[in-house]
Amino acid sequence: MALIQLNYLSKALYRTVPVNVLLPADRFDGDTGEYLNREGQEYKTLYLLHGLLGNYTDWVCRTNIQKWADEKNLAVVMPSGDNSFYFRSRTPWNDYETFIGKELVDLTRRMFPLSKKREDTFIAGLSMGGYGALRNGIVYSDTFGYVAGLSSAIHLFEDLSEEADIGLFDDLKAASETDLAPKVAAQKMLEEKRKVPKFYLACGRADDLMGVNEEFRDYLRGLGIDVTWDEDDHGHDWEFWDIQIKKILDWLPLQ
């Protein structure tokens, strides 16, 4: 498994951005003493988003994603989303929605041997990145066939008090009535008869976000959408996310 650090000038963000890419390489077989040649393959790909205060190094540094992706023959793309919540900001040159949902997918497919099939293209994230994965996975449902959110920070659109507004919106209540809210985005996806991804949601029972994630799970199921759910006694922590990213890879349609 090769770990590649990519820096490129993003049109959506109007600046150079860093991205970590895990790309399957020839694997050494300790039993036979030979290398498994992976030449000519197009890899299934997971776009994996970090949480608030994090960056593109988080998943590699804090979990075993590199080992598990290698075992599953999976490419993983990990961008930096700053503290953006991965949507189009009201400030200029911060179109994280286009960056995540279109530009990064198109660019990495041109640069690396990645499958262009929807059923081979996945998105996941934790906390802020969980919201970003859910919302962009729905908005770009023609691109992503599987969507996973861990401890997803979807509470912003449930608590509409002034204290809940973290300054990302001109009007949080108005924003909650648009497809920035995952529930609205899901309803719009169905109304427009777009392709519907499969979902994996998980949250720890000691996490303050447990309630809103359970509610979103039930909302999606009420719409007839396929949702796999998992929970345990953890809180909002990397021990939980390390366990869960392995479960996500087991859930995805990988060999």
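Points worth noting:
- The set of residues in the range 194-238 that are aliphatic (A, V, I, L, M) and in a helix (DSSP H, G or I) comprises M210, V212, L220.
- Set E231, E215, E192: member being surrounded by 13 or more Cβ atoms within 10 Å (Cβ to Cβ), acidic (D, E) and over 19 Å from the mean Cα position of the chain (by Cα): E215
Yes/no per residue for (1) buried (at least 20 other Cβ atoms within 10 Å of the Cβ); (2) touching a residue at least 60 places away in the same chain (Cβ under 8 Å):
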{"site": "L6", "(1), (2)": "no, yes"}
{"site": "N20", "(1), (2)": "yes, no"}
{"site": "L52", "(1), (2)": "no, yes"}
{"site": "A69", "(1), (2)": "yes, yes"}
{"site": "V77", "(1), (2)": "yes, no"}
{"site": "F87", "(1), (2)": "yes, yes"}
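- Counted residues, the range 1-55 - those being closer than 29 Å to Y86 by Cβ, in contact with a Leu (Cβ under 8 Å, 6 or more places away or on another chain) and basic (K, R): 2
- Among the residues making up the range 173-189, a single one is of a type in the set (V, I, T) and under 19 Å from the mean Cα position of the chain (by Cα): V184.
- If only residues of the range 59-94 that are touching a strand residue (DSSP E or B) at 6+ places or on another chain (Cβ under 8 Å) and among the charged types (D, E, K, R) are counted, the one that is farthest from P113 (Cα to Cα) is R88.
- Near pairs, Cβ below 8 angstrom, 6+ apart or cross-chain, from the range 95-120 (modelled with pLDDT of 95 or more) to any residue that is surrounded by fewer than 17 Cβ atoms within 10 Å (Cβ to Cβ) and assigned to a helix (DSSP H, G or I): K116/R109
- S127 meets all of the listed conditions (1) buried (at least 21 other Cβ atoms within 10 Å of the Cβ); (2) on the phi < 0 side of the Ramachandran plot; (3) touching a residue at least 60 places away in the same chain (Cβ under 8 Å) but one, namely (2).
- Taken over the range 27-40, the criterion of being surrounded by 12 or more Cβ atoms within 10 Å (Cβ to Cβ) and in a loop (DSSP other than H, G, I, E, B) is satisfied by R38 alone.
The values are calculated or read from the model by the stated rules, or taken from the named source; none is laboratory data. It should be emphasised that the depicted structure is a prediction, and the values quoted were computed from it without experimental measurement. So basically every Cβ, Gly included, is an ideal-geometry build from the backbone, and we count neighbours across all protein chains shown.
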